[in-house]
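The values are calculated or read from the model by the stated rules, or taken from the named source; none is laboratory data. In this text, all values refer to a predicted model and were calculated from it rather than measured experimentally. With ideal geometry, Cβ positions are generated from the backbone for all residues, glycine too; neighbour counts draw on all protein chains shown. Areas reflect the complete protein model, heavy atoms only, side chains present, ligands, DNA and RNA absent. Shrake-Rupley method; radii C 1.70, N 1.55, O 1.52, S 1.80 Å.
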Amino acid sequence: MKNKLRRSGVKIMASLIVLLGSLAYIMALAVINGSLGFVASMGVTVFGAVGVAKALGELGLCAAISLPWGLIIGMAVGCGVVRGGLRYLEQYSNHFIAFKLLAVLRDKIFGALRVLCPAKLESRQKGGIIAMITSDIETLEVFYAHTISPICIAVLVSLAVFLFVGFVSSWYLALVALAGYIVIGIAVPLISSARLKEAGVEYRREFASFNSYFLDSIKGIKDIVINNAERDREAEVNRRSDILLKQTKKMKHGTTRAAAATELLVSLFIATALAVGIALVHLQMLDLGAMIIGVVAVFGSFGPVIAISALPGNLTQTFASGDRVLNLLSEKPAVYPVTNGKNFDYDKLEVDDLGFAYEENAPVLKDICMRAGRGEIVGIVGRSGCGKSTFLKLLLRFWEKDGGEILYNGADVDGINTQSLLNNVTMVSQTTYLFDESIEENLRMAKPDCTQEELEEACEMASVHDFIMSLPEGYKTQVGAMGDNLSAGEKQRIGLARAFLRGSRLILLDEPTSNVDSINEGMILQSLALQKSKKSIILVSHRESTMAIADRIYRVENGVMHEEKI
């Protein structure tokens, strides 16, 4: 089923706990401090009960009742003071682990994104990735700071109270307390979790979807206004917001019912403990002093299990977020970087019998053969969607080829070190991404140590230098978020300049003139023609006019490539 978690809640918790690693000792310290702190808080009421029993003159068999008044009062006050210190240490330890691990998780996610990029990220919604890095990771803070230690504390405190009440007061009272712990701390959370599980998964899914749609709306606000689509977009945002609100209400309703059931059960078990205590005194099976101490201990012991019963409301989202994060961390990349292969200095490229399919039995490219050498421009032409861009990505090993060979200087691409491949081959895609920095900083990404003369020379080759100099701040001009201050053609030419600046011996150009007018296209093609003596250039386009500068032309039709005579 689509809505079913890929992992069970137990598996998600186990996987998240494993991530603690060397921080496990701090978690153990938090559990110890929390358990002792809760015992100390119970000590205040228990020693108060001892004082009441002593005042009633019920010495009985309980040794604590015979303690002097000063010691009883001192122990009650001391327990309150100790409780405060231990509580601080518990919370400090929990949040130290939580925020430390959030940083570790973000680092792991960025590491996973680097490995999965670019092949596995092409089909992912950018808003969904942003939601994972921000919201999902923040949700996991609840698990590390408010879930692991409360569960451990509940187990330890419940066991301690069970034994204390059994030995000091009555095993009948102890069994009543144990039954309450099992029902409130185990049965209620399991039932609540099962009922809230689907709502939690749907909420996280709808949240990620809404985030992506809203981000797209912000990015495309100009086009929305130009096309007078504000009302339609607003209606869709409202519709998605209503769906998200509906899922939120569904979860809140479930958690409220669970909380009400918990409070009712606590009251019932407290009343039962009191009734059993009175009955034991009436039957002379327990003296009044011991009964007061035992009942008071039971009364004050439900705090940890109440905390557990309240967890499912948060855990449903935590499990959904954890599942999404763990799915990303466990996802296998389309290709693994080659680190123990060969290095090379590009001289020629040969492709023989290359085949590739994104899905089984649906080939995109088949039996592809082509060649390119230093000092020539090779054109690849074909209709949109015929596989031209896919071919360029295979040359950079973004995807694993299904068959055939891609040979650089006679060495297959699968045996070439990834770093060496990227040093020798540069691709300019159809859409150039510019960071919200200056034009100069965007260009220097290709070669951080370049001189100003090298930078300007690359821009002149891409026919964008004059445009940059016409701006008020020249190369220091900020491009704006996602390059919104520049047109598509200007961004494309800056991307081309970045490729020239990098200085790779083989440049792959995917529709380099698709967003420029005929005058700028002619200038870019002229620059490319001047560069071919130093490099190999593979030029992909659906425009026949772009192929005018090509030394050889390959046409792609129905996944098959053949060379045309010029």
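Table for the structure above
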quantity: Listing of helices (runs of 4 or more DSSP H) fully contained in region 90-179 that carry 1 or more residues being open to solvent by less than 10 Å² (accessible area, probe 1.4 Å), closer than 30 Å to Asn211 by Cβ and of a type in the set (Phe, Trp, Tyr); calculated: 137-146
quantity: Filter pass, Glu453 being in contact with a Phe, Trp or Tyr (Cβ under 8 Å, 6 or more places away or on another chain), open to solvent by 10 Å² or more (accessible area, probe 1.4 Å) and more than 16 Å from Thr426 (Cα to Cα); calculated: no
quantity: Single unsatisfied condition, Gly387 versus (1) small (Gly, Ala, Ser); (2) within 34 Å of the chain's Cα centre (by Cα); (3) open to solvent by 20 Å² or more (accessible area, probe 1.4 Å); calculated: (3)
quantity: Scope region 90-112; condition among the aliphatic types (A, V, I, L, M) and in contact (Cβ under 8 Å) with a residue 12 or more places away in the chain; matching residues; calculated: Ile97, Ala98, Leu101, Leu102, Val104, Leu105, Ile109, Ala112
quantity: Filter result (open to solvent by less than 20 Å² (accessible area, probe 1.4 Å) and either farther than 26 Å from Leu421 by Cβ or over 35 Å from the mean Cα position of the chain (by Cα) (or both)) within region 501-515; calculated: Leu506, Thr513
quantity: Residue that is on the phi < 0 side of the Ramachandran plot, open to solvent by 60 Å² or more (accessible area, probe 1.4 Å) and in a helix (DSSP H, G or I), where the choices are Leu274, Leu280; calculated: Leu274
quantity: Yes/no for Ile224 being at pLDDT below 75 and either more than 30 Å from Val276 (Cα to Cα) or not aliphatic (A, V, I, L, M) (or both); calculated: no
quantity: Among the candidates Ala49, Ala30, residue that is modelled with pLDDT of 70 or more, under 30 Å from Leu102 (Cβ atoms), buried (at least 19 other Cβ atoms within 10 Å of the Cβ) and among the aliphatic types (A, V, I, L, M); calculated: Ala30
quantity: Test result for Glu263, among the acidic types (Asp, Glu) and either open to solvent by less than 60 Å² (accessible area, probe 1.4 Å) or under 26 Å from the mean Cα position of the chain (by Cα) (or both); calculated: no
quantity: Odd one out for Leu245 among (1) at pLDDT below 85; (2) within 25 Å of the chain's Cα centre (by Cα); calculated: (1)
quantity: Selection count, region 10-23, where residues are assigned to a helix (DSSP H, G or I) and within 26 Å of Leu190 (Cβ to Cβ); calculated: 9
quantity: Region 322-376 - residue that is open to solvent by 40 Å² or more (accessible area, probe 1.4 Å) and among the polar types (S, T, N, Q) and, of those, farthest from Ile538 (Cα to Cα); calculated: Ser330
quantity: In region 134-152, the residues that are among the β-branched types (Val, Ile, Thr) and modelled with pLDDT under 75; calculated: Thr134, Val142
quantity: Matching residues in region 420-435 - criterion: being out of contact with any Ser or Thr (no Cβ under 8 Å at 6 or more places or on another chain) and open to solvent by 40 Å² or more (accessible area, probe 1.4 Å); calculated: Leu422, Met427, Thr431, Tyr433, Phe435
quantity: Verdict on Val225 being open to solvent by less than 50 Å² (accessible area, probe 1.4 Å) and β-branched (Val, Ile, Thr); calculated: no
quantity: Single match in Glu440, Glu490, Glu460 (criterion: part of a helix (DSSP H, G or I), of a type outside the set (Lys, Arg) and open to solvent by 60 Å² or more (accessible area, probe 1.4 Å)); calculated: Glu460
quantity: Matching residues in region 543-566 - criterion: being open to solvent by 80 Å² or more (accessible area, probe 1.4 Å), of a type outside the set (Asp, Glu) and modelled with pLDDT under 80; calculated: Lys565, Ile566
quantity: Criterion: under 20 Å from Lys534 (Cα atoms) and in contact (Cβ under 8 Å) with a residue 60 or more places away in the chain - qualifying residue of Leu496, Leu434; calculated: Leu496
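Yes/no per residue for (1) among the β-branched types (Val, Ile, Thr); (2) closer than 30 Å to Gly289 by Cβ; (3) at pLDDT 90 or above:
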{"site": "Tyr172", "(1), (2), (3)": "no, yes, yes"}
{"site": "Ala187", "(1), (2), (3)": "no, no, no"}
{"site": "Ser193", "(1), (2), (3)": "no, no, no"}
{"site": "Ser209", "(1), (2), (3)": "no, no, no"}
{"site": "Val237", "(1), (2), (3)": "yes, no, no"}
{"site": "Lys250", "(1), (2), (3)": "no, no, no"}
